[in-house]
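Here's the structure we're looking at; comments come further down.
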Amino acid sequence: MALVVYNTLTHEKEPFVTIEPGKVRMYVCGPTVYDEAHVGHAMSSIVFDFVRRYLEHQGYQVRHVMNFTDVDDKIIARAAQIGEDPSAIARRYVEQYQEQLSRLNVLQPTVFPRVSQTIPEIVRMVAGLVESDHAYITASGDVYFRVRTDPDYGKLSRRKLADALAGTRVASSEEKLEEEDFALWKAARPGEPSWDSPWGRGRPGWHIECSAMSLHYLGDQIDIHGGGNDLVFPHHENEIAQTECFTGKPFARYWMHNGMLQLKGEKMSKSLGNLVTIDELLAAHDADVFRMIVAGSQYRKPLAFDADVLVDGERALARLRTALRPATGPVTTGPAVDALAGQVRQSRIAFEAAMDDDFNTAGALAALFDLVRAINTARDAGVAAGQSIAPFVELLLTVRLELRKAQQWALADKIRDELKVLGVVVKDTAQGSSWRMD
Ligand SMILES: [Zn+2]
């Protein structure tokens with residue numbers, strides 16, 4: 001069976017075929033760094049970590065780009081609120097998030113671009129869109145994308161322009177030509193970070209950064225574009241519009257979106273005051289507990305998260321780890337071991353079949369638990385065998401001790417050597433002889 005991936009663009013599972021054989025170009029939208037990262041961020045990063053690890057397991061070379069939005073209204077507002085420099089706040093949360101990803105056992109992306117370090121690429125792209133009349137400059141020096149120049153606009157979220165507008169708020173002070181147009185560049189305001197551009201000093205709008213970074217680090221076309229499903233509209237819709245109008249080519253082959261983490265049935269959000277930060281999570285729980293919880297859920301569905309879910313995660317992880325206990329008895333041959341060998345093969349097939357079905361991690365875990373059961377059964381059978389031979393080994397060692405007392409060395413050694421052939425290792429010390437199964 002070959003890998004199929006659910007594509008938000010087509011609403012279907014499609015065979016996974018990369019642009020370049022053996023290589024995957026994957027872009028995943030990262031956080032806006034203005035506050036503590038929460039378990040929702042952790043969930044999304046773990047979902048795409050599973051995707052990346054499985055693709056690498058399948059032999060693909062994955063180039064994984066994840067951005068940090070380090071120039072944004074929220075960062076500027078936060079900076080004003082606490083009287084700190086916006087770039088210092090951003091830097092602090094970037095470093096914290098990178099360290100949290102390591103603690104969550106998430107592989108670090110190949111590249112971590114930041115808006116503040118990608119300004120020339122962003123300016124170049126905006127200029128290209130202005131040149132081709134997909135964007136226009138206002139009297140104040142803002143640059144807007146002209147949505148009506150893109151006949152495909154709305155193809156990802158399946159919204160028509162009128163529907164798209166229903167979700168947006170437009171301030172009457174803005175100089176946009178059409179309500180659906182969105183900002184590519186915002187003219188500088190006093191006290192805000194700004195950079196030079198052909199339209200005067202200013203800073204990028206939110207959406208353009210991902211288009212510019214993806215283009216710069218991965219090329220015109222990419223295999224996977226990922227993010228939370230709250231980004232489908234307007235963020236990803238706008239990314240597609242910008243990139244495809246700029247390059248004239250289809251942007252991403254597979255659009256993958258994870259469901260939102262929900263706390264007690266509500267969407268977790270800062271405004272609802274029900275955030276659990278990654279630091280809070282990791283202070284109380286093993287990172288693998290949270291990875292088990294994420295793996296146990298279908299990534300496109302909402303992940304219900306509360307204290308009970310954590311208890312279930314703890315239990316599942318403990319069960320998985322029982323398979324890793326060292327065997328105390330002998331590793332023998334016999335029906336239990338034959339069954340184990342069979343289960344290893346079966347579990348591998350079932351694991352890959354599940355993962356090939358749009359990264360069904362819950363199905364893959366079920367295959368692992370079948371293997372855990374077989375390992376534990378084989379170990380118990382081995383322990384039982386070890387216990388049943390103990391009286392006979394003890395008897396032979398008593399006889400051997402008598403032989404040694406009678407200086408019958410050759411016979412005593414023969415018993416030791418024959419036991420060794422049977423997998424019983426005898427050790428002689430000043431206190432007497434001990435034995436263990438090899
Ligand atoms: Zn993005």
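Couple of notes before you dig in:
- Length available on full extension from residue 73 to residue 152: 0.36 nm per residue minus the Cα-Cα distance, which gives 25.6 nm.
- Degrees between helix 86-103 axis and first principal axis of the chain (Cα, 0 to 90, nearest 10): 20 degrees
- Between residue 430 and residue 413, the modelled label-to-label distance comes to 2.4 nm, taking each label 7 Å out from Cα in the direction of the beta carbon.
- Shape of the chain, Cα gyration tensor, a/c cut at 1.5: prolate
- Per residue value of the accessible surface for the chain (all protein chains in place, 1.4 Å probe), Å²: 49 Å²
- Taking the Cα centre of the chain as origin and assigning +1 to Lys and Arg Cβ atoms and -1 to Asp and Glu Cβ atoms, the resulting dipole is close to 1460 debye.
- Summing Lys and Arg as +1 and Asp and Glu as -1 over all other residues whose Cβ lies under 14 Å from the Cβ of residue 380 gives a net charge of +3.
- Summed side-chain charge close to residue 60 - residues other than residue 60 whose Cβ falls under 11 Å, Lys, Arg +1, Asp, Glu -1: +2
- Surface composition of the chain: carbon plus sulfur atoms contribute 54% of the solvent-accessible area (1.4 Å probe, protein chains only, all chains present).
- Residue 196 - accessible surface, heavy atoms, 1.4 Å probe, Å² rounded to 10: 110 Å²
- Inter-centroid distance (Cα atoms) of the range 215-232 relative to the range 1-69, Å: 9 Å
- The residue list 58, 326, 304 was ranked by how far each Cα lies along the charge dipole of the chain toward its positive end, using unit charges on Cβ atoms, and 326 comes out on top.
- Highest GNM mean-square fluctuation among 112, 359, 251, for the chain modelled with Cα contacts below 10 Å: 112.
- Cross-link table 155/186; 13/301; 264/301; 13/155; 186/249; 155/301, entries beyond 23 Å C-alpha to C-alpha: 155/186; 186/249
- The DSSP beta bridges internal to the range 1-122 are antiparallel in roughly 35% of cases.
- Our estimate of slack between residue 402 and residue 61, defined as 0.36 nm per intervening residue step minus the Cα-Cα distance, is 116.2 nm.
- The alpha-carbon atoms of the range 383-437 define a convex hull whose volume equals 69 cubic angstrom per residue.
- Residue among 33, 200, 101 farthest towards the positive dipole end of the chain, charges placed on Cβ: 101
- Computed extension length for residue 220-residue 81: 46.1 nm, one decimal, from 0.36 nm per residue of separation with the Cα-Cα distance subtracted.
- Count Lys and Arg as plus one, Asp and Glu as minus one, and take only other residues whose Cβ is under 15 Å from that of residue 417; the net charge is then +2.
- When shorter helices are ignored and each DSSP H run of at least 4 residues is given -39500 (n - 2.57), the per-residue value for the chain at 222 nm works out to -15000 deg cm²/dmol.
- Degrees between helix 237-247 axis and first principal axis of the chain (Cα, 0 to 90, nearest 10): 80 degrees
The values are calculated or read from the model by the stated rules, or taken from the named source; none is laboratory data. None of the values given here were measured: they were computed from a predicted structure. Cβ coordinates were reconstructed from backbone atoms using ideal geometry, including for glycine residues, and neighbour counts include every protein chain displayed. Calculation scope for accessible area: heavy atoms of the full protein, side chains included, ligands and nucleic acids excluded. Shrake-Rupley method; radii C 1.70, N 1.55, O 1.52, S 1.80 Å.
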